[in-house]
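One structure is given here, and the rest of the page talks about it.
The values are calculated or read from the model by the stated rules, or taken from the named source; none is laboratory data. For clarity, every value in this text was computed on a predicted model and none was experimentally measured. Here Cβ is always computed from backbone atoms with ideal geometry, including for glycine, and neighbour counts include all displayed protein chains. Surface accessibility is based on the protein's heavy atoms, side chains included, excluding ligands, DNA and RNA. Shrake-Rupley method; radii C 1.70, N 1.55, O 1.52, S 1.80 Å.
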Amino acid sequence: PPDVERLGRHTWTFLHTTASYFPPQPSQHQKSSMLGLLRALPTLYPCGVCADHLGEYMKTHPPEAAVEKGREALEGWLCNVHNEVNERLGKDKFNCANVPQRWRDGWAD
Ligand code: FAD
């Protein structure tokens, strides 16, 4: 089985970075592609417990509205997903106001 920690770190890097470069005003094609990517995770993510938790979370917190609104809303939705996992694993919560600096702009000097 894959190394769940390493897989997780790299998957979060991919997902947060992709959300941070999602257009503020996405096209229909970009929106449906993003939804396809997110909806595939509970089926394909190669950590069974993780995938199951994510699937349950997405039932009560569906991504459609955030994807519809564009980058900022999607960054917030994904930050909340990740924080729910952080909480479950006993990790610190991340301040979602810091998402753009962490995943796109870099920190000020
Ligand atoms: P990670 O949690 O991997 O975070 C990487 C970096 O992201 C952090 O250093 C921080 O800079 C930044 N970050 C942290 N929180 C946020 C946030 N809320 N928003 C934006 N950026 C943030 N592991 C399990 O053991 N059980 C599970 O059920 C489980 N479910 C998972 C579900 C998914 C969808 C994914 C992608 C991963 C899951 N993992 C799970 C793995 C787990 O979330 C971590 O990736 C892994 O434990 C390594 O943690 P880490 O401390 O290196 O930091």
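Summary of computed values
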quantity	calculated
Qualifying residue in the range 59-73 (condition: crowded, with 16+ Cβ neighbours inside 10 Å, part of a helix (DSSP H, G or I) and either near the ligand (Cβ under 10 Å from one of its atoms) or at pLDDT below 95 (or both))	no
Enumeration of residues in the range 24-49 that are surrounded by 11 or more Cβ atoms within 10 Å (Cβ to Cβ) and outside any helix (DSSP H, G or I)	PRO26, TYR45, PRO46, CYS47
Selection within the range 2-23 - surrounded by fewer than 15 Cβ atoms within 10 Å (Cβ to Cβ), in contact (Cβ under 8 Å) with a residue 40 or more places away in the chain and outside any helix (DSSP H, G or I)	PRO2, TYR21, PRO23
Boolean, GLY70 is of a type outside the set (S, T, N, Q) and more than 18 Å from MET34 (Cβ to Cβ)	no
Some residue of the range 78-94 being more than 10 Å from the ligand (Cβ to nearest atom), at negative phi and either open to solvent by 80 Å² or more (accessible area, probe 1.4 Å) or among the basic types (Lys, Arg) (or both)	no
